[in-house]
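Data block below; observations after.
The values are calculated or read from the model by the stated rules, or taken from the named source; none is laboratory data. No experiment lies behind these values; they were computed from the predicted model shown. Don't worry about glycine lacking a Cβ; one is built from the backbone with ideal geometry, like all the others, and counts go over all protein chains shown. Just so you know, the surface numbers come from the protein's heavy atoms only, side chains and all, with ligands and any DNA or RNA stripped out. Shrake-Rupley method; radii C 1.70, N 1.55, O 1.52, S 1.80 Å.
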Amino acid sequence: MHFTAAAISTLATLGFISASPTPMAAPADLAARACTTIQPAYISYFEKATPTESTSGFGNYRLARTGGPNSNTIKSAFRFDNIPAGATGCMLQFRLGAGQEPAVGANDASLFTVEGQVDETTNWNNQPIKDAQVSSLQFPTTRAPEAYETIVYASTCPESGSVSFLLEESDWQQNAGSIAFRQGPASGFSMIYNC
């Protein structure tokens, strides 16, 4: 089909051809979403050597094993509280500050969600019941040259407002080892939600 200049002019006049762009709707004003970050409400470690005791309230995580299957001798548990109803996208973040050297020997740890909540009654004889392994963390055995940060678990936020975790040396390791670090601004676990 061949159009003449007169035909194009007529089509443009009738509105079939337009030289001006169609106006776009203005973009909606989007407010930046601010993530909420909370620290653990409870942290404890418990030892096989003192099966009815646990150490809590100091923000210390400790893990140890003597080597071989089922040789863990110290484990840690921690809990987050006051996650509001309707919160979305709960993510567990782990940080380790530069210059730290938390592991000696076996340095791989397994992170589990647990049934119920860990509290002052948690000890070696009353360990949290594992629900699912959600992550594996490998701790440096030499001084970390720079800070390290990663998301180790993500899920829907709990309706109860609380969620608990168990951290122990991974059982597949054949060597003895220990891991120790302190919860603080540069290291430890935090829960992030509503991002």
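Computed values, structure above
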{"quantity": "Where a residue in the stretch 119-141 is hydrophobic (A, V, I, L, M, F, W, C) and at pLDDT below 95 and its partner, wherever it lies, is part of a loop (DSSP other than H, G, I, E, B) and surrounded by 12 or more Cβ atoms within 10 Å (Cβ to Cβ), with Cβ under 8 Å and at least six apart", "calculated": "PHE139/PRO102; PHE139/ASN107"}
{"quantity": "Some residue of the stretch 106-114 being open to solvent by 50 Å² or more (accessible area, probe 1.4 Å) and either under 21 Å from GLN173 (Cβ atoms) or not polar (S, T, N, Q) (or both)", "calculated": "no"}
{"quantity": "Verdict on ARG182 being of a type in the set (Lys, Arg), at pLDDT below 95 and more than 25 Å from THR55 (Cα to Cα)", "calculated": "no"}
{"quantity": "Leading residue by the ranking (modelled with the lowest pLDDT) among those in the stretch 97-118 that are closer than 28 Å to TYR193 by Cβ and in a loop (DSSP other than H, G, I, E, B)", "calculated": "GLN100"}
{"quantity": "Scan of the stretch 135-150 for residues that are of a type in the set (Asp, Glu) and in a loop (DSSP other than H, G, I, E, B), ordered by number", "calculated": "GLU146"}
